[in-house]
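See below for the structure under consideration.
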Amino acid sequence: MRSLLFVPGDSERKLEKGFAAGADVVIVDLEDSVAAANKVAARATAADFISSRSRRTGSVIYVRVNDLSTGLTDDDLAALVPVKPDGIMLPKSNSGQDVQQLAAKLRVHEAESGLPDGGVKILPIITETAAGVLAAASYAGASARLTGLTWGAEDLSAAIGARAARDGNGRYTDVFRLARAMTILAAGAAEVAAIDTVFPDFRDMAGFEAECREAERDGFTGKMAIHPAQVPVINAAFSPSAEAVERSQAIVDAFAAAGNPGVVGIGGKMYDRPHLRLAERLLARAKAAKAPA
Ligand code: COA
Ligand code: MG
């Protein structure tokens, strides 16, 4: 999962375009990009589209449902689980317990639809409430369905009353940098993918590219997009370069050739076990980038 493109679930036109954008994952949205008056219609539009069209493309499909406090989640799941999405994105998640609650609901809907138990994965947005940020550690071991963790700044601003998430230089302020860092750490602890949040200014491609590069540097393995033009930039930024693959392969090979010791010297520099682990992670990402899933 390098690129995850949001597509409003009530817009057939955008669904059509979204599935053609080359994203590793299409997130069909029933939540914030759909007006309250359109929620019911969006379920039907999204479900019809997914069942009739999506299987022609290679995209993995997640559906963003409305959060557990809205009273809408069950009807979202009842409408969308039967068309077999690969996963559910859970917004405004407060803790690993919310993931467990969603997992229990999914189990029922899978049974009702004759689907295998545990097939539908879960990707929560973990920083949209203040409690969520503080409970970031609770996702480790929460559910075998958990595929990754991601974060969001807009709803957190509203939740804490911050007038802006970024300072005058475009840099996230402390609370949002903390939320971002907690997502990387929580994903590491849970051993799932860390996915960076959206960049709303979709005409600023230079700013977007810089943010993708920083995210990849810091440990995120993918990023969400809100516009099709952002997808190729994400895919490029999160696909390891040929040089990085070559460097990592040389490290793995050197350890193997030396009989897998604790430490080796390569070109006059020390490499120990963390370097090997990092090299193996990068090679796994390069492999996944060639066959996105
Ligand atoms: N998925 C699919 N298609 C999209 C798209 C998206 N996320 N964003 C834009 N497009 C389409 C547009 O419909 C337009 O196609 P058209 O000319 O055939 O109508 C084309 O791409 C170019 O779009 P553009 O004119 O550059 O932008 P816009 O003003 O039409 O749309 C947004 C801007 C922000 C409304 C739109 O990008 C969008 O809906 N993004 C997703 C929002 C979302 O899901 N938010 C929730 C998560 S934060
Ligand atoms: Mg939101």
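How long are the semi-axes of the equivalent ellipsoid of the chain, taking √(5λ) for every eigenvalue λ of the Cα gyration tensor, in whole Å from largest down?
Each semi-axis is the square root of five times an eigenvalue, giving 33, 22, 20 Å.
Sort the stretch 1-126 into rounded, prolate or oblate with this rule: let a ≥ b ≥ c be the square roots of the eigenvalues of the Cα gyration tensor; rounded if a/c is under 1.5, and if a/c is not under 1.5, prolate when a/b is larger than b/c, oblate otherwise.
rounded
Across the stretch 104-195, what fraction of all alpha-carbon pairs, as a whole percent, falls in each successive 10 Å bin from zero upward?
Reading the bins upward from 0: 17, 39, 27, 13, 4, 0.
Once fully extended, how much extra length lies between V40 and K84, figured as 0.36 nm per residue of separation less the alpha-carbon to alpha-carbon distance?
14.0 nm
Round to a whole number: what % of the accessible area of the stretch 242-290 belongs to carbon and sulfur, probe 1.4 Å?
Taking all protein chains in place, the stretch 242-290 shows 57 percent carbon and sulfur surface.
If ligands, DNA and RNA are left out, what is the accessible area of M182 with a 1.4 Å probe, given in Å² to the nearest 10?
Only protein atoms counted, so the area is about 50 Å².
Farthest toward the dipole's positive end in the stretch 242-290, which of A250, A284, P274, given Cβ charges of +1 (Lys, Arg) and -1 (Asp, Glu) about the Cα centre?
A284
Averaged per residue, what accessible area in Å² does the chain show with a 1.4 Å probe, protein chains only?
Solvent-accessible surface per residue comes out at 47 Å².
Just to make sure I understand: if all protein chains stay in place, what is the order of D272, D201 by accessible area at 1.4 Å, largest first?
My answer, sorted largest first, is D201, D272.
Placing +1 at every Lys and Arg Cβ and -1 at every Asp and Glu Cβ, with all other atoms neutral, what dipole size does the chain have around its Cα centre, in debye to the nearest 20?
With Lys and Arg at +1 and Asp and Glu at -1, about 580 debye.
When Lys and Arg each count +1 and Asp and Glu each count -1, what net charge do the other residues less than 11 Å away from Y62, Cβ to Cβ, add up to?
Taking every Cβ under 11 Å from that of Y62, the sum is -1.
Using the 2.2 N^0.38 Å rule of thumb for compact globular proteins, work out how the stretch 170-293 stacks up: its C-alpha Rg over that value, please.
Compactness ratio reported: 1.21.
For T70, T221, give me the order by solvent-accessible area with a 1.4 Å probe, most accessible first, ignoring ligands, DNA and RNA.
Putting T70, T221 in descending order of accessible area: T70, T221.
Would you look at the GNM of the chain, springs on alpha carbons closer than 10 Å, and say which of D29, D155, D117 moves the most?
So, out of D29, D155, D117, the one fluctuating most is D117.
Report D for the stretch 181-224 in µm² per second (integer): Stokes-Einstein, Kirkwood Rh on Cα pairs, 4 °C, 1.567 mPa s.
Rounded, D is 119 µm²/s.
Among bridges DSSP assigns within the chain, what percent are antiparallel (round to 5)?
15 percent
Starting from the residue with the highest accessible area, list R13, R64, R107 in decreasing order, probe 1.4 Å.
Of R13, R64, R107, the descending order of accessible area is R13, R107, R64.
Rg(Cα) of the stretch 1-74 divided by 2.2 N^0.38 Å?
Relative to the rule-of-thumb radius for its length, the stretch 1-74 sits at 1.04.
Hey, if you drop one equal point scatterer on each alpha-carbon of the stretch 242-290 and run the Debye formula without solvent, what base-10 log of I(q)/I(0) do you get at q = 0.15 Å⁻¹?
-0.36
Once neighbouring chains are kept in place and the probe is 1.4 Å, which whole percent of the accessible area of the stretch 96-220 is contributed by carbon and sulfur?
53 percent
The values are calculated or read from the model by the stated rules, or taken from the named source; none is laboratory data. Every value quoted in this text rests on a predicted model; they were computed, and no experiment measured them. As a convention, Cβ positions derive from the backbone with ideal geometry for all residues, glycine included, and neighbour counts pool all protein chains shown. These area figures cover heavy atoms from the full protein model, side chains too; ligands, DNA and RNA do not enter into them. Shrake-Rupley method; radii C 1.70, N 1.55, O 1.52, S 1.80 Å.
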